[in-house]
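Below you'll find the structure, written out as C-alpha cells, and then a few comments.
Every read-out reported here was derived from the displayed coordinates using simple, explicitly stated rules and does not represent laboratory data. Everything quoted here is computed from the prediction, not taken from an experiment. All Cβ positions, even for glycine, are placed from backbone atoms using ideal geometry, and neighbour counts span all protein chains on display.
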Amino acid sequence: MTFSTAAEFDQAYKSANRAFAAGTTKNKEWRRRQLKRAWWMIEDNKKRICDALYTDLHKHYQEAYTGDCGTVQADALRTIAKLDEWTKDIKPERSDPLNFLGGATIRKEPLGVTLIIGAWNFPITLLLQPMLAAIAAGCAMILKPSDVASATQDVLMDIIPKYMDRDAIRCVSAGAQEMSYILEHRFDHIFYTGSPNVAKIIHAAAAKHLTPVTLELGGQCPAIVAESANLDLTAKHIAVTKFMNAGQICLNVNHVLVAPGLRDRLVAELIKYFDTFAGGKAQNPDYYTHIINERNFDRLDTLLKQTSGKIVYGGERNRETRYFAPTIVTGVKAGDSLLSEELFGPILPIIDADFDTAISTTRAGEHPLAIYAFTSKAADKSRILNETQSGGVTFNDCGLHIAARDVPFGGVGNSGTGYYHGPYGILTFSHLRTYINALPWWMEGVITARYPPYSVEKAHK
Ligand code: NAD
C-alpha cells in the first residue's frame, strides 16, 4: 500500500487553505454543484465501490449498496433540497429590545479547513457523509479514508479528484505514521470517526492548536430485554444487527441483558433468526460479511477462547477466509473476556439480569453510543431515558435512531463528542457568529446605566 508523501500532503493542505481563503467554498452555487457531483460520483462508480467493499470485507452488494452508496446519495439529495433552509441566518427572539432594535442575527459561518478521518467498517459513508455536511456548511477539506479498507481507499483516492473540486476538497492516504505528520498541522476543525483510543491521539494533537473536534466513536451498546418484551421481534432485531457487516458496526448490540426467566426462549428465537438469515441451519452463505483483517480476527478469536461462558450457537471460524460465524454465548458474567472491550464482531454474549440490574450494569460502564431496550411498558422506557446516558436510544429495535431524518447522531463521553446528520451536520462545521447594530440614537437617553459616573440609583434604573 502506498501512502501520500509529506510533500503531497503539504500541497493538498496549501491548496485547501488557499481555496478557503479565496472564498470559493462559501459560494452557495459552489456548494450545490459539489453536492450534485458527490451524488454522480457514487452513481457512476457504484459497481466499483461495491466490488472494493467485497474485496475488503466480503460485503454483499445488497449491504454495500444500501449501507454505503445509498446512504450517501440520499443524504446528498436531501442536503441539496434543504441547503437554503439549513444554512440561513437565525433571528433570535425579537421580544428583547436589543435583538429587535439592533437586528441581532446569527450567521452560520464555515469553520474553515476541516480534516475528515474515516473508519473502515462503512468506509464510504463514514467519509462522505461528513464531507457532504462540510460542503453544505461552506468548508474546504482534506479527506483521509481508512487505510484498513485498502481497496475502498484506493477507489476513493481515484474518484474524489475526478468529481470533486480539486483545490478545495483533497483526499490523502495515510497510516498511523503519516497521520502523526498530518496532525502536526493546524486545521480549523477535525472530524474523526473511529475508536476511543485513537480519538485520544487526535484530540491531543488538536488541542495543541485549540482546534475543535467532532469525535464519532464506539462503545459497548447493550440490548436490555425486559419481561414484557415481544421475544420474536426482539430476537429478529438483535440478530440482524449481529449478522449485518458481521457485527462490525458502531451501533451493533455488544451484549444482551435479559430477564433470567426469558433467556432460554430468547436464545431459541435468536438461533431461529440466525439460521433464517444464513439461508439454512448454521450455513456460511456467500453473502455474509467477513472480518476485516487478521488482527481483528485474532482479537475476536482470543476473546472467545478466554470466555467462561458457554457457546450455544456458532463459534465456527476460519482465519484464512476470516469467516466468523454469528456466535451466541450464554452464562456470561461481569469480568468475562467478552465484556472487556467493544466486541465489534459477530459474538453475542448473553447476561442474565433483571431490569434493575440491567440498568445498574449499564450505568456502571462508559456511556455507550446507543442503548436498546425491549419492553412494552412506558415506565421502563422512562427509566431508561432518565436513569442512563448514551449517544441515542432505540426502543424495541436496534439502531433506528441513526436513520431518522434530520435528527442529530453522535455519542456522549467515551462514545463521542458532537453530532452530525441533516441540519446538525451543518452546525458541526459552522461557527455561529452573532452580529448586531448600534441601537437608535434616541435609546441613549434610556440606557443611562451603561455610562459612568456610577451611582447606586443608576444601577437600578
Ligand atoms: P481506528 O480508530 O483504528 O481508525 C480510525 C481512523 O483513524 C482511520 O482512518 C485510521 O487510519 C486512523 N488512525 C489509526 N491509527 C491512528 C493513529 N495512531 N493516529 C492517527 N490516526 C490513526 O478505528 P477503526 O478500527 O477504523 O473503527 C472501529 C471503531 O470505530 C470502533 O470503535 C467503532 O465503534 C467506531 N466507529 C464509530 C462510528 C460512529 O459513527 N460513531 C462509526 C463507525 C465506527
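Going from the fewest other Cβ atoms within 10 Å to the most, the residues 269, 444 appear in the order 444, 269. Sites listed here are chymotrypsin sites (Phe, Trp or Tyr not before Pro) in the range 417-461 whose DSSP assignment is loop and whose Cβ has at most 13 other Cβ atoms within 10 Å: 454.
Classify the range 117-274 as rounded, prolate or oblate from the Cα gyration tensor: take a ≥ b ≥ c as the square roots of its eigenvalues, call it rounded if a/c is under 1.5, otherwise prolate when a/b beats b/c and oblate if not.
On the way: a/c = 2.91, a/b = 2.18, b/c = 1.34.
The shape class here is prolate.
Taking all Cα-Cα distances within the range 379-461, those exceeding 21 Å account for 59%. Dipole of the chain computed with +1 at Lys/Arg Cβ and -1 at Asp/Glu Cβ about the Cα centre; of 174, 247, 284, farthest Cα towards the positive end is 174. When only Cα pairs below 8 angstrom with a gap of at least 6 residues are kept, the range 236-295 shows a relative contact order of 44 percent. Using C-alpha pairs below 8 Å separated by at least 6 residues, the relative contact order for the chain is 18 percent. Measuring nothing but alpha carbons in the range 294-432 and taking Rh as the Kirkwood radius, the Rg to Rh ratio lands at 1.02.
By the count of neighbouring beta-carbon atoms within 10 Å, fewest first, 131, 443, 141 end up ordered 443, 131, 141. For the range 178-240, applying the loop criterion from DSSP together with a ceiling of 12 other beta carbons within 10 Å to the trypsin sites (Lys or Arg not before Pro) yields 208.
Taken along the Cα-to-beta-carbon direction at a fixed 7 Å, the label points for residue 29 and residue 264 span 7.2 nm.
Of all DSSP bridge pairs formed entirely within the chain, close to 30 percent run antiparallel. Classify the chain: rounded, prolate or oblate, from the alpha-carbon gyration tensor (a ≥ b ≥ c, eigenvalue square roots; a/c under 1.5 rounded; otherwise prolate if a/b is larger than b/c)? Oblate.
Note down the magnitude of the dipole of the chain about its Cα centre, charges +1 on Lys and Arg C-beta and -1 on Asp and Glu C-beta and zero elsewhere, to the nearest 20 debye.
Values: 50 positive and 49 negative charges, 231 e Å.
Charge dipole of the chain: 1100 debye, to the nearest 20.
Given a cut-off of 32 Å, name the pairs among 272/305; 236/310; 59/272; 36/242; 14/91 whose C-alpha atoms lie farther apart than that in the structure shown.
From the list (272/305; 236/310; 59/272; 36/242; 14/91), the Cα-Cα distance tops 32 Å for 36/242; 14/91.
Each of 201, 90, 122 was placed along the dipole of the range 67-211 (beta-carbon charges, centred on the mean Cα), and the one lying farthest toward the positive end is 90.
Computed about the Cα centre, the dipole magnitude for the range 333-400 is approximately 220 debye when only Lys and Arg (+1) and Asp and Glu (-1) carry charge, each at its Cβ.
Hey, could you get me the Stokes-Einstein D for the range 60-201, Kirkwood radius over alpha-carbon pairs, 37 °C and 0.692 mPa s, rounded to whole µm² s⁻¹?
Numbers: Rh = 16.9 Å.
The Stokes-Einstein estimate is 194 µm²/s.
Helical runs assigned H by DSSP (4 residues or longer) give the chain a calculated mean residue ellipticity at 222 nm of -13000 deg cm²/dmol, each run adding -39500 (n - 2.57) before division by the residue total.
Each peptide in 405-413, 246-254 receives the mean, over its residues, of other Cβ atoms within 10 Å, and ordering these scores from highest gives 246-254, 405-413. For the range 1-77, the Cβ-based charge dipole about the Cα centre amounts to some 520 debye (Lys, Arg positive; Asp, Glu negative; other atoms uncharged).
A simple count of charges around residue 14, restricted to other residues whose Cβ falls under 12 Å of its Cβ and scoring Lys, Arg +1 and Asp, Glu -1, yields -1.
Residues 387, 342, 109, arranged from fewest to most other Cβ atoms within 10 angstrom of their Cβ, appear as 387, 109, 342. Comparing Cα centroids, the range 123-163 and the range 58-81 end up 14 angstrom apart.
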